[in-house]
Amino acid sequence: MSFLRPKLLFLAVFILILNVIPVKGGVANFVIYGADNLKNLSVNTSSELNTLVSNIEPRFVMEFANANKFYTLTPIPSQLDTLLGQVAPRFVLQYANASREITLGFPVDLVDDTTPPQGSNIEAEPAGETSTTVSWTTDEYADSTVECGTQSGTYTMTFSDPLYARVHAVTLTGLTAGTTYYCQVTSTDLSGNPYQSQEFSFEQVEDVFIYLPLVLRS
């Protein structure tokens with residue numbers, strides 16, 4: 001099998017040269033030394049293909065492991081660069097034995113959301129003699145606020161949940177049994193677009209106790 005070694009070596013070096021050294025038109029001669037004998041080969045090249053290949057700019061260049069290579073990248077559009085600069089980091093872990101707090105920012109301008117949430121399925125369910133749970137759904141994530149009062153159009157009590165959700169449930173407390181309450185719900189999405197329901201009412205239930213006589217049989 002020793003007679004194959006020169007051919008294999010020549011083929012490997014030839015492929016390496018084609019991948020590294022651009023060929024400039026006409027006929028290129030390659031001389032391979034270091035095998036069992038001397039082999040000369042002439043290779044025909046396409047000047048048109050070579051011209052097209054030479055017009056391709058490199059994307060990333062890594063020349064040596066112990067050297068620096070600088071390459072100028074095409075800058076992103078200035079408008080996108082400005083918007084990205086306004087996005088605050090989400091999580092920062094600096095030290096394992098220290099605490100770090102950071103206010104999360106939502107890129108309102110980048111998202112460009114101007115559509116308010118749409119709410120539906122508003123229900124009021126008793127949760128006790130002095131409390132009721134108001135629930136509803138929205139088609140996108142938003143916070144939860146319920147405003148109530150004992151007169152239509154006048155809301156003197158506010159109950160809210162700052163967490164963003166699509167299924168909302170807020171428990172109203174401190175209610176008076178047998179009283180009718182007029183309420184409306186509000187949900188605001190991350191971009192600040194609010195949804196506000198129409199006014200609805202419910203009567204706070206009053207616990208009813210039934211006493212049964214105790215009969216002793218002799």
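Structure data summary
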| item | result |
| --- | --- |
| Estimated FRET transfer efficiency (residue 78, residue 111; beta-carbon r; R0 25 Å; 0.05) | 0.85 |
| Stokes-Einstein D in µm²/s, Kirkwood radius over Cα pairs - region 119-203 at 20 °C with 1.002 mPa s viscosity | 167 µm²/s |
| Amide proton proximity set for residue 155, modelled H, under 5 Å, gap of 5+ | none |
| Residue 139-residue 180 pseudo-label distance in nm [points 7 Å out on the Cα-to-Cβ vector] | 3.3 nm |
| Theoretical gain in end-to-end length, residue 157 to residue 190 [0.36 nm per residue, Cα-Cα removed] | 9.5 nm |
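None of the figures in this text is laboratory data; all of them are computed from the coordinates on show. Computed from a predicted structure; not experimentally measured. Glycine gets a Cβ as well: all are built from the backbone with ideal geometry, and neighbour counts include every protein chain shown.
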